[in-house]
Every structure is written in C-alpha cells, then in structure tokens.
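Enquirer: The structure follows.
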Amino acid sequence: MLPRPRAAGRIVVASVPANHVYVRHLAPEDGSGPVRLPDPPPAEAASTQQWWPPVMLDAAWVEDNDFDVFHLHFGFDARSPAELRELVAALRRRGKPLVFTVHDLRNPHHPDRRDHDRQLDVLVPAADALVTLTQGAAAEIRARWGRDALVVPHPHVVPLDTMRCAAASREVRRRGPRPREFRVGLHVKSLRAGMHPHPMLPVLVDAVRDLPGAVLQVNGHNDVLRPDGKRYDAALAEALQHHAARGEVDLRIHDYLDDDALWAYLASLDVSVLPYRFGTHSGWLEACRDLGTAVVAPSCGYFADQAPVLTYGHDEDHLDADGLVAAVREAYAGHVAPAPGVEERRAQRARVAAAHARLYESLVGDGR
C-alpha cells in the first residue's frame with residue numbers, strides 16, 4: 001500500500017479528477033484545507049497532465065493506495081455499472097466513504113440517457129454523501145432515489161486576476177466615446193449530443209438583424225465545420241457558410257481554444273446563447289458570468305436555477321423561437337443581472353471550500 005502525502009491533521013481526498021478547474025476551485029486560495037491526491041496518469045497518457053481515463057476508478061487502485069475520502073465528480077462515462085459496483089465494493093472493503101457530486105443528471109455527451117441513468121443507479125444509492133449544484137437538481141435526486149444532496153453552488157471558473165482585468169476592460173469600453181457593437185455569441189464547439197443549434201440559427205439571424213449595431217458571432221471547431229473533420233455536420237456547416245456569405249454571421253472556425261484564448265473570446269461577447277436541448281449544469285455559464293458576459297440559457301436542466309440568466313424554451317421536443325428572440329432583446333436592452341465581482345467570487349469560493357471541508361470531516365471524524 002502506498003503511503004499518503006499528508007500534512008498533520010489534514011484529510012486526504014482521492015478526488016476524481018483533481019486537475020479540473022471546478023475541483024481545483026473547491027480548495028481555499030491559500031492551499032489550506034483537505035489534501036487532494038494528484039491524478040495518476042493513465043498508462044497510455046501522452047503527458048503527466050492527462051487524467052482521462054481516471055486511474056482512481058480502478059478497484060485495484062483503491063486497494064493499493066491510502067486516503068481518507070473518495071470524491072467522484074467526473075470521468076466515469078466509460079465505466080460499466082458492473083465496474084462501478086466493483087469500485088464501490090473496494091471502497092466498502094477499505095472502509096472509505098464515497099462522496100459523489102451529481103453534476104449531470106443527464107449526460108450532455110450521450111444522445112441516449114439510459115447508460116448514464118444506469119451509472120447513476122449505482123453511484124447515487126451507494127454514496128455516503130451526495131453533493132449537487134442547485135436546488136432543482138437536489139429535488140430531482142430526492143424524487144428519483146429518495147436521497148438528500150447537499151447543495152453547494154458552482155465556484156468561479158475564470159482565474160480571479162483574469163476576472164479583475166476583464167472588469168477593468170468592460171469599464172473602459174463602457175466609458176468609451178463611441179457606441180460599440182453588441183456581440184451575440186453562439187458557440188457550437190464540437191457539437192456534443194446535448195447541443196442543437198440548427199433550428200436556432202435562423203431565429204438568431206432574424207433577431208440580430210433587427211437590433212442596430214448587433215452582430216451574431218458563431219464559433220465552432222474544425223472537426224464539425226470543416227469537410228475533412230471527423231464529426232463534420234454538413235447541414236450546419238452549409239447553413240453557417242450561407243449566412244456568413246450574406247454578412248449575417250461572423251463565422252469563426254478554429255481548433256480548441258486554450259484557456260487564455262477562451263477567456264478573451266468570452267469577454268469579447270455581450271451575450272452568449274447556450275444551444276442545449278438537454279443537460280443539467282454548465283461551467284460555460286459560470287465562465288461567462290465571471291467575465292461579465294450575459295447568458296441566454298435554455299429551459300431544460302437547471303441552468304436558470306444555477307445563476308441569474310435570461311431563459312428561453314428549449315428541450316428535446318421543442319424550441320420556443322419567440323422566447324429566444326425575447327431573451328436576446330432583453331440582453332440587448334441591458335436587462336441582465338450584474339456580473340459577480342472578484343470579491344464576491346472570492347468569498348463564495350471560501351464558503352464552497354468550507355462546506356466541502358465540513359462534509360469530509362463529518363464522514364471521517366476521528367476514524368482517520
């Protein structure tokens with residue numbers, strides 16, 4: 001059994017994963033609090049920074065390593081229910097409590113919900129403690145499994161120093177001598193299963209055309225919008241090229257953006273429209289809020305429960321085109337919630353970290 005790296009008296013958490021921005025921001029800024037073990041690199045990893053697929057989900061890893069609490073967030077997509085049951089059994093044999101944060105009640109990468117539901121049917125009943133991000137998700141968990149989840153809000157995504165710079169830039173633009181463009185962003189990324197921008201595109205084109213100085217900017221990845229891309233969507237790509245040729249869309253096609261480029265892109269928008277037809281919570285939403293970019297979010301999932309957003313009707317069965325137009329117009333008129341400031345996010349992070357530390361302590365107590 002490998003010894004655990006531990007400072008005196010600090011709880012050691014096997015966090016799956018550890019190197020994810022959400023998980024990193026569960027820790028106090030000063031690095032105090034529980035110790036999170038680093039992600040073991042998979043055997044086939046190209047670098048020491050790669051955490052997928054998570055080695056900690058192997059029952060053998062649980063048997064061979066020491067820690068106080070096992071906390072699962074993401075990364076179990078490729079694990080069968082039988083493999084997850086083996087993980088739970090290994091934790092039980094070791095007497096290690098399992099904490100499960102239910103980020104996704106519907107997996108945004110799966111067109112069919114059944115596999116994810118089967119995984120949840122193992123993890124939710126087995127967990128010693130459940131965490132989720134919204135009251136709406138907690139209510140669904142209670143209805144489906146009869147379990148109560150601790151509701152802890154999503155911490156900031158963007159680094160606090162970057163937030164501060166973005167706020168200063170916004171203030172300079174606000175005081176500038178001339179009116180600037182109003183940029184409405186639709187980001188199709190690599191078009192994961194939960195996204196359905198196709199029927200939204202003509203609605204947004206018409207909505208933005210009616211707003212003086214407004215520009216519809218659509219960003220997408222090469223793998224979806226280039227003919228040689230592995231996930232090329234001809235219908236979407238051709239529609240975008242058509243609107244771009246008519247000057248109705250500012251189309252940006254590129255590879256994945258690194259963090260600095262992503263923050264700069266989001267900060268350049270006035271509003272980001274989330275094209276989801278299913279899902280639960282959103283880190284993208286939080287990043288936009290960090291950078292002062294308003295969010296238009298769909299009615300599916302618990303996005304509107306997660307933070308103050310403008311909402312339009314969208315799920316697997318229906319798109320409310322009038323509601324989408326109205327939400328964009330509300331954003332254009334400035335009827336949006338104020339962006340959280342740096343100190344507000346700093347204080348929230350401290351509360352989030354303290355809530356997790358208390359939870360771990362309640363599960364471990366003097367037993368460690």
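Enquirer: Which of Gly247, Trp145, Gln135 sits closest to the plus end of the dipole of region 116-263, meaning its Cα is farthest towards the positive end, when Lys and Arg get +1 and Asp and Glu get -1 on the C-beta?
Expert: Going by the charge dipole, the pick is Gly247.
Enquirer: Relative to the present Cα-Cα distance, how much length would full extension add between Ser268 and Arg351 at 0.36 nm per residue of separation? List each step's numbers first, then the result.
Expert: Numbers: separation 83, 0.36 × 83 = 29.88 nm, distance 2.98 nm.
In short, 26.9 nm is gained.
Enquirer: I would also like to ask the following. With angles folded into 0 to 90 degrees, how steeply does helix 114-126 sit against the dominant principal axis of the chain? Use alpha carbons for both and round to 10.
Expert: The helix 114-126 is inclined about 40 degrees to the chain.
Enquirer: What number, in percent, do you get for the relative contact order of region 278-333 if the mean sequence gap of Cα pairs under 8 Å and at least 6 apart is divided by its residue count?
Expert: Values: 72 pairs, mean separation 15.8, N = 56.
Dividing the mean separation by the residue count of region 278-333 yields 28 percent.
Enquirer: Something else now. Given a cut-off of under 8 Å on Cα pairs at least six residues apart, what relative contact order in percent is computed for region 127-182?
Expert: Numbers: 32 pairs, mean separation 15.8, N = 56.
Contact order relative to length: 28 percent.
Enquirer: Now, a different point. I want to verify a result. In a Gaussian network model of the chain, Cα cutoff 10 Å, which of these has the top mean-square fluctuation: Pro155, Pro199, Pro275?
Expert: Pro199
Enquirer: Let me ask something else. Which angle between 0 and 90 degrees, to the nearest 10, do you get for helix 81-94 versus the longest principal axis of the chain when only C-alpha atoms count?
Expert: The helix 81-94 is inclined about 40 degrees to the chain.
Enquirer: If each residue of separation counts as 0.36 nm, what is the full-extension length gain between Asp148 and Ala89 once their alpha-carbon separation is subtracted? List each step's numbers first, then the result.
Expert: Working: separation 59, 0.36 × 59 = 21.24 nm, distance 2.20 nm.
Extending this stretch completely gives an extra 19.0 nm.
Enquirer: What residue among Asp39, Asp258, Asp290 has the largest mean-square fluctuation in a Gaussian network model of the chain, using Cα springs under 10 Å?
Expert: Most flexible of the set in this elastic network: Asp258.
Enquirer: Below 8 Å between Cα atoms, with a sequence gap of 6+, how large is the relative contact order for the chain in percent? Kindly include the intermediate steps, with their values, before the conclusion.
Expert: On the way: 648 pairs, mean separation 58.9, N = 368.
Rounded, it is 16 percent for the chain.
Enquirer: Name the most mobile residue of Ala261, Ala149, Ala321, meaning the one with the largest mean-square fluctuation, in a Gaussian network model of the chain with Cα contacts below 10 Å.
Expert: Result for the chain, Cα springs under 10 Å: Ala261 fluctuates most.
Enquirer: Any idea what angle helix 160-174 forms with the longest principal axis of the chain, computed on alpha-carbon atoms, 0 to 90 degrees, nearest 10?
Expert: Rounded to the nearest ten degrees, it is 10.
Enquirer: Where does the chain land at 222 nm, in deg cm²/dmol rounded to the nearest 500, when only DSSP H runs of n ≥ 4 count, each adding -39500 (n - 2.57), divided by all residues?
Expert: Working: 14 runs with 146 residues, N = 368.
Helix contribution divided over all residues of the chain: -12000 deg cm²/dmol.
Enquirer: Taking the Cα centre of the chain as the origin and placing charges on Cβ (Lys, Arg +1; Asp, Glu -1), which of Val184, Ala355, Leu120 is farthest toward the positive end of the dipole?
Expert: Most positive-ward Cα: Ala355.
Enquirer: Now for a different question. Indicate the gyration tensor shape class of region 160-332 (rounded, prolate or oblate), computed on the Cα atoms with a ≥ b ≥ c the square roots of the eigenvalues: a/c under 1.5 is rounded; otherwise a/b larger than b/c is prolate and the rest oblate.
Expert: Values: a/c = 1.30, a/b = 1.24, b/c = 1.06.
In terms of gyration-tensor shape, rounded.
Enquirer: Sort region 219-276 into rounded, prolate or oblate with this rule: let a ≥ b ≥ c be the square roots of the eigenvalues of the Cα gyration tensor; rounded if a/c is under 1.5, and if a/c is not under 1.5, prolate when a/b is larger than b/c, oblate otherwise.
Expert: Numbers: a/c = 2.03, a/b = 1.29, b/c = 1.57.
It is oblate, given that a/c is not under 1.5 and a/b is not larger than b/c.
Enquirer: With a ≥ b ≥ c the root eigenvalues of the C-alpha gyration tensor of the chain, is it rounded (a/c under 1.5), prolate (a/b larger than b/c) or oblate? Intermediate results must be reported in sequence, preceding the final value.
Expert: Values: a/c = 1.99, a/b = 1.66, b/c = 1.20.
The shape class here is prolate.
The numbers here are math on the coordinates, done by the rules we state, and not lab data. Because the structure is a prediction, the values reported are computed rather than measured. Reconstructed Cβ throughout: ideal geometry from the backbone, glycine too, with neighbour counts over all protein chains shown.
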